[in-house]
Amino acid sequence: YLLRSLFLLMGYGVQKAFIFMDMDPNSESTVQYSTCGLFTDSNHGLKPKLSYYYLATCQQLIGNKKFNGTIKYRDGNPEVYSYAFADPDDLSSVCHVLWCRKPKSTTDSGITISNYVYRIGGIQNARQVKLPEGSEIGQETELKVENPDTEISSVTIPELCETPVFICMNINTSAGAESAFVPDNYNLLLSFPNPFKSSLHLELVLDGPDNIQITIYDIKGRLVGAIAKQRYQPGINIKKIEFNRLGLPSGIYFITAMGSRYKQKTKVCYVR
């Protein structure tokens, strides 16, 4: 629950959240939250718990990466969730976090998906990292890439379940749909909430005044919307986009913001 909450909050636009206690108030109590720490209480030796190993593995895999958008959100039945992270200094180095859930479920049901085919354009190599107890680096398995280095490349995840799994990949950005219209030297653009239902906000951080053109592309790289060029002042600027007025279907979209000295991009998930 705690790991999934962390990634969901990122998708909704929360930049920082504190959702863990360092140790249990009482490791033997049945009172709510008494055993929600990363470590047992002092009477039980301050021993690392499962949540500690999950967080330590998470830090190892995506600690130096930045949130890069929502790939899947409540997709299919069972519902699949996928969140992307990328190295800001090397956008070809990515890590995606995936799990599945029973639709409209309020508790874990034990649902799984066997041999889940995950399609991402431009995969060169991939490895799966699962979160076993007692390990700070996870359990790593190489994944076979079908149609590597192409727009239709994919990997098969042996089992997708309610516990997040990390898929670490090297991506040829020139082979994916995104790179057909977004140059590699674009920086990441913060958008929130993400996923969203009707409107979202873009955070434009400028060093100086600039005229910014915002454009929207669908998953196939087709231009589907453009916001009139507008002049923005130095500092943090928040731009609201009313997606429900564009008449677009639910899906994944790419948004670019470009000025004379400013180039940023983001990937968003629109859920009508």
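Nothing in this text is a laboratory measurement; each read-out follows from the coordinates by a stated rule. What you see is a predicted model; the values in this text were computed from it and never measured. Backbone-built Cβ (ideal geometry, glycine too); neighbour counts: all protein chains shown.
Farthest toward the positive end of the dipole of the chain, out of Asn194, Tyr53, Asn170, is the Cα of Asn194, where the dipole comes from beta carbon charges about the Cα centre. GNM remark for the chain: springs join alpha carbons under 10 Å apart, and the peak mean-square fluctuation among Phe192, Phe67, Phe39 falls on Phe39.
Extension gain for Tyr33-Asp90 works out to 16.5 nm (0.36 nm per residue, less the C-alpha to C-alpha distance). Under 5 Å between amide hydrogens, built in the peptide plane, is the criterion, and for Val224 it picks out Ile216, Tyr217, Asp218 among residues at least 5 positions away or on other chains. Restricting region 28-130 to trypsin sites (Lys or Arg not before Pro) that sit in a DSSP loop and have at most 11 other Cβ atoms within 10 Å of their own Cβ leaves Lys104. Potential lengthening of the chain between Arg261 and Ser198 amounts to 19.7 nm, from the contour at 0.36 nm per residue minus the alpha-carbon distance. Here the residues Thr57, Thr112, ranked from fewest to most Cβ neighbours within 10 Å of their Cβ, fall in the order Thr112, Thr57.
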